[in-house]
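One structure follows; several queries about it will come next.
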Amino acid sequence: MNIIRGNNSSGKSTILNFIYYVLGGDLRKWTESAEECAVVYAEVELNGAKVTLKPVSYTHLRAHETGRNL
């Protein structure tokens, strides 16, 4: 379990929205600060391999491991 903790208006909801979006969630209302971002991606480790997840659309992901599509 992970806990995201911080003061009001410190960006907790923005971080959770980005995680939801990069995993394929359909997020239509962004916070003002999130709208300033041009790129959203997540770097995760799967079975010892570092993988980058980037949204292709609201329902699909593109995963890259050292430049290869998974």
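The values are calculated or read from the model by the stated rules, or taken from the named source; none is laboratory data. Source: prediction; values computed, not measured. As a convention, Cβ positions derive from the backbone with ideal geometry for all residues, glycine included, and neighbour counts pool all protein chains shown.
Which of the residues spanning the stretch 1-49 are assigned to a loop (DSSP other than H, G, I, E, B) and charged (D, E, K, R)? Lay out the reasoning, then the answer.
Looking only at the stretch 1-49, we keep the residues that are assigned to a loop (DSSP other than H, G, I, E, B), and these are 1-11, 23-33, 37-41, 47-48.
Result: Arg5, Asp26, Arg28, Lys29, Glu32.
If the requirement is being surrounded by fewer than 10 Cβ atoms within 10 Å (Cβ to Cβ), modelled with pLDDT of 85 or more and out of contact with any Ser or Thr (no Cβ under 7 Å at 6 or more places or on another chain), which of these qualifies: Asn7, Asn69? If you could, list the steps in order and put the result at the bottom.
Numbers: Asn69 fails: modelled with pLDDT of 85 or more.
None of the other options fit; the residue is Asn7.
Let me ask something else. Would it be correct to say that Glu43 is at pLDDT below 85 and either polar (S, T, N, Q) or loosely packed, with under 11 Cβ neighbours inside 10 Å (or both)?
In short, no.
What are the residue pairs meeting all of these: first residue in the stretch 29-55, first residue over 19 Å from Gly11 (Cα atoms), second residue surrounded by fewer than 11 Cβ atoms within 10 Å (Cβ to Cβ) and of a type in the set (S, T, N, Q), Cβ atoms under 9 Å, and 6 or more apart or on different chains?
Between residues of the stretch 29-55 that are over 19 Å from Gly11 (Cα atoms) and residues that are surrounded by fewer than 11 Cβ atoms within 10 Å (Cβ to Cβ) and of a type in the set (S, T, N, Q), the close pairs are Ala49/Thr66; Lys50/Thr66.
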